[in-house]
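These notes concern the structure reproduced below.
The values are calculated or read from the model by the stated rules, or taken from the named source; none is laboratory data. Note that the structure is a prediction, hence the values are computed from the model and not measured. Note: ideal-geometry Cβ built from the backbone for every residue, glycine included; neighbour counts use all protein chains shown.
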């Protein structure tokens, strides 16, 4: 039996209505309600309560004002009416499908509060084992599942300010994708995700999850095993053409002839490789250009080669160890069903990080085009650093073209992208607008909220206001991966979280424990 909570008071459009609450406290902001559909007695208009207010009856307002103006110490007893405003989400059919509302709610029609069981029935997929279990509807027991097909084929974004639970939520997505057998590639600037191998130390009561690490995690990072990773990150120089170098080194575009000489050097080295079977690297390209410079006579030609050499030497100085004679990872070898491949960029300078992101996004896309790897879910952490807005863009942010291309074209080939950022206002709008599902945690910065509003579909002003004050671990989820927009409490992770905000006192304690003792009587010469 549904709980009756009021009756429709005003219904100005098919997108919203207000109702008089019959019992003060019966509903609150965020509750889901139903009222009869004028078109179909077996269906109900469904909506979410966006605002609840108490209205004083008009006649009483006048009495109060007169009493105050006359200086009376006695204010008449107030007669309140509680009014709730509802955003219409659609029409709930008897089969628990959602379709568009075509007529406004009927005035004086009864309003009912949806039960947790009804919400669960609406939100549950046909087979929960083939869906992404994200958490529960906020302040409810109804579980929330995401459609993995929508996440991969239509992209998604996880957005939220520092400390909101953003990386923790990404960890939940990774756990679920891996469980479903979907390969995951994580581009990890801060080295947070190797912890996926370890089980969580504990899980709060009341959740149907158990601690469990992911068995099939392969990690790549600078210096490989020397830094605790399984393998070193290496870019196969022989896969790069002159256009790739122009992406990596925008300065080369200024000199018309510079790219021609780089192309000649690469082609000469490719010809030698075919004859000898010996591959080449970035140092070999530089050496070939230095040889070429010895035989040019015109000053313009020498200037062009010098420009190319300056750019390539800088790239080699900053990222030299990255450019080798084989790919690591070789995506065709390592991308497998359910496997998580972590590309840790921790410790790399920004230019090197840009190079890795540019190169491997291009490789993932190319291998999906040719069907050499299975459909894959690629997570780009710190996306604002690799795909910044026009105002934030500098010539050093060289990955943006690759990120844009991946966002626009990847979906056609089931190369899914998950954009992660604590500064959504600084993420390129072209990239963010390609993310059809958004998981938005606490965000307070006006610029960030404005870009979210512009990029996401149907994000109301009221939803943005609630997003400002969300607790850690709660999110607003909207887009094609869910049937209706939802506020969600994200479930606990099965795996250990490697991206928790550090506790300053714990860091100081560890620092002091490992610090070399200094003589208290040390003379500093004052």
Within 23 Å of residue 51 (Cβ to Cβ), out of contact with any helix residue (DSSP H, G or I) (no Cβ under 6 Å at 6 or more places or on another chain) and part of a helix (DSSP H, G or I) - does that describe any residue in region 435-445? no
Which of the residues belonging to region 460-478 are in a loop (DSSP other than H, G, I, E, B) and closer than 22 Å to residue 163 by Cβ? 469, 470, 471, 472, 473
Would you confirm whether or not region 401-411 contains a residue that is within 26 Å of residue 482 (Cβ to Cβ) and more than 17 Å from the chain's Cα centre (by Cα)? yes
Looking at 333, 368, 339, 317 in this structure, which one is touching a helix residue (DSSP H, G or I) at 6+ places or on another chain (Cβ under 6 Å) and either in the same structural domain as residue 162 (by TED's automatic domain parsing) or at pLDDT below 95 (or both)? 368
Among the residues listed as 278, 209, 242, the single one being surrounded by fewer than 20 Cβ atoms within 10 Å (Cβ to Cβ), under 26 Å from the mean Cα position of the chain (by Cα) and modelled with pLDDT under 95: 209
Looking at region 176-213 only, could you name the residues that are part of a loop (DSSP other than H, G, I, E, B), closer than 19 Å to residue 338 by Cα and in contact with a strand residue (DSSP E or B) (Cβ under 6 Å, 6 or more places away or on another chain)? 182, 183, 193, 211, 212, 213
Matching residues in region 23-54 (in contact with a strand residue (DSSP E or B) (Cβ under 8 Å, 6 or more places away or on another chain), modelled with pLDDT of 90 or more and at negative phi) number 22
Quick one: residue 89 ticks every box in (1) under 22 Å from the mean Cα position of the chain (by Cα); (2) not assigned by TED's automatic domain parsing to the domain that holds residue 437 except a single one, so which number is it? (1)
Could you say whether any residue in region 421-430 is in the same structural domain as residue 371 (by TED's automatic domain parsing), within 22 Å of residue 483 (Cα to Cα) and touching a residue at least 24 places away in the same chain (Cβ under 8 Å)? no
I'd like the full set of residues that are surrounded by 10 or more Cβ atoms within 10 Å (Cβ to Cβ) and at pLDDT below 90, limited to region 489-509. 498, 499, 500, 501, 507, 508, 509
For residues that are in a helix (DSSP H, G or I) and either without any contact (Cβ under 8 Å) to a residue 24 or more places away in the chain or out of contact with any strand residue (DSSP E or B) (no Cβ under 9 Å at 6 or more places or on another chain) (or both), scanning just region 121-171, find the one that is farthest from residue 208 (Cα to Cα). 149
Taking only region 293-314 into account, find how many residues are in contact (Cβ under 8 Å) with a residue 12 or more places away in the chain, in contact with a helix residue (DSSP H, G or I) (Cβ under 6 Å, 6 or more places away or on another chain) and surrounded by fewer than 17 Cβ atoms within 10 Å (Cβ to Cβ). 1
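Yes/no matrix, rows are residues, columns are (1) in contact with a strand residue (DSSP E or B) (Cβ under 9 Å, 6 or more places away or on another chain); (2) farther than 19 Å from residue 351 by Cβ:
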position: 240; (1), (2): yes, no
position: 244; (1), (2): no, no
position: 249; (1), (2): no, no
position: 256; (1), (2): no, yes
position: 272; (1), (2): no, yes
position: 276; (1), (2): no, yes
position: 282; (1), (2): yes, no
position: 292; (1), (2): no, yes
Per the filter on region 389-426, residues at pLDDT 95 or above and not in a helix (DSSP H, G or I) are 414, 415, 416, 417, 418, 419, 420, 421, 422, 423
So residue 459 ticks every box in (1) touching a helix residue (DSSP H, G or I) at 6+ places or on another chain (Cβ under 7 Å); (2) under 14 Å from residue 169 (Cβ atoms); (3) at pLDDT 70 or above but one. Which box is left unticked? (2)
